[in-house]
Amino acid sequence: MVAINAVAAHSKATGAGVTVGVIDGGVDFTHPDLAGGIDVARSCSFIYSWTPTANPQEIANGDCTNKAAVQDLQGHGTHVATTIAGRANGLGIVGVAPEATIVALKACTIAGYCFADSVAAALRYAGDQHL
């Protein structure tokens, strides 16, 4: 945070009122640095039954009611989300915008592959959600 001068920036802007769609491998909904900062209702998995390298747990076929499928099974999406919006809670790290809200858009599999159809669907959904 010091290297990018974000400590000084937090006195002027914290990301309050900002929603960020994270297109990656999902987000760990139980991560303490993201507690209260994830819009679970709008989070969605765009991993399909035909997606190569997909784990059955992450397949939702674009059905955004399957919240369990959004769970980050690899860790990268959670890493990205905490870098953006990790809460100033005395634990772990503080993100660049610690009061921003994250919408997890899972388009990458547990193996770390992000296939074009999943990414395109996540981008369209993000646009539809005004993220």
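The values are calculated or read from the model by the stated rules, or taken from the named source; none is laboratory data. No experiment lies behind these values; they were computed from the predicted model shown. Using ideal geometry, Cβ is built from the backbone for each residue, glycine included, and neighbour counts are taken over all protein chains shown. All accessible areas refer to the heavy atoms of the entire protein, side chains included, with ligands and DNA or RNA removed. Shrake-Rupley method; radii C 1.70, N 1.55, O 1.52, S 1.80 Å.
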Failed condition for Thr83, given (1) among the polar types (S, T, N, Q); (2) crowded, with 17+ Cβ neighbours inside 10 Å; (3) under 13 Å from the mean Cα position of the chain (by Cα), with all others met?
(2)
State whether the residues of segment 111-124 include one that is surrounded by 15 or more Cβ atoms within 10 Å (Cβ to Cβ) and in contact with a helix residue (DSSP H, G or I) (Cβ under 7 Å, 6 or more places away or on another chain).
no
Matching entry among Gly92, Gly37 (being in contact with a helix residue (DSSP H, G or I) (Cβ under 9 Å, 6 or more places away or on another chain), buried (at least 21 other Cβ atoms within 10 Å of the Cβ) and over 17 Å from Ala122 (Cα atoms)):
Gly37
Which pairs have Cβ atoms under 8 Å, sit 6 or more apart or on different chains, and link a residue in segment 111-131 that is β-branched (Val, Ile, Thr) to one that is part of a loop (DSSP other than H, G, I, E, B)?
Val119/Phe46; Val119/Ala107
If I ask for residues that are among the hydroxyl-bearing types (Ser, Thr, Tyr) and not in a strand (DSSP E or B), which ones from segment 76-131 would you list?
Thr78, Thr82, Thr83, Thr109, Tyr113, Ser118, Tyr125
Pairs under 7 Å by beta carbon, first residue at pLDDT below 95 in segment 1-24, partner in a loop (DSSP other than H, G, I, E, B) and open to solvent by less than 40 Å² (accessible area, probe 1.4 Å), six or more apart or different chains?
Thr14/Ala97; Thr14/Pro98; Gly15/Ala97; Gly15/Pro98; Gly15/Ala100
Residue check: is Val96 within 28 Å of Ile4 (Cβ to Cβ) and within 10 Å of the chain's Cα centre (by Cα)?
no
Checking the condition open to solvent by less than 60 Å² (accessible area, probe 1.4 Å), assigned to a loop (DSSP other than H, G, I, E, B), hydroxyl-bearing (Ser, Thr, Tyr) and under 18 Å from Tyr125 (Cβ atoms), which residue from Thr51, Thr14, Thr65 passes?
Thr51
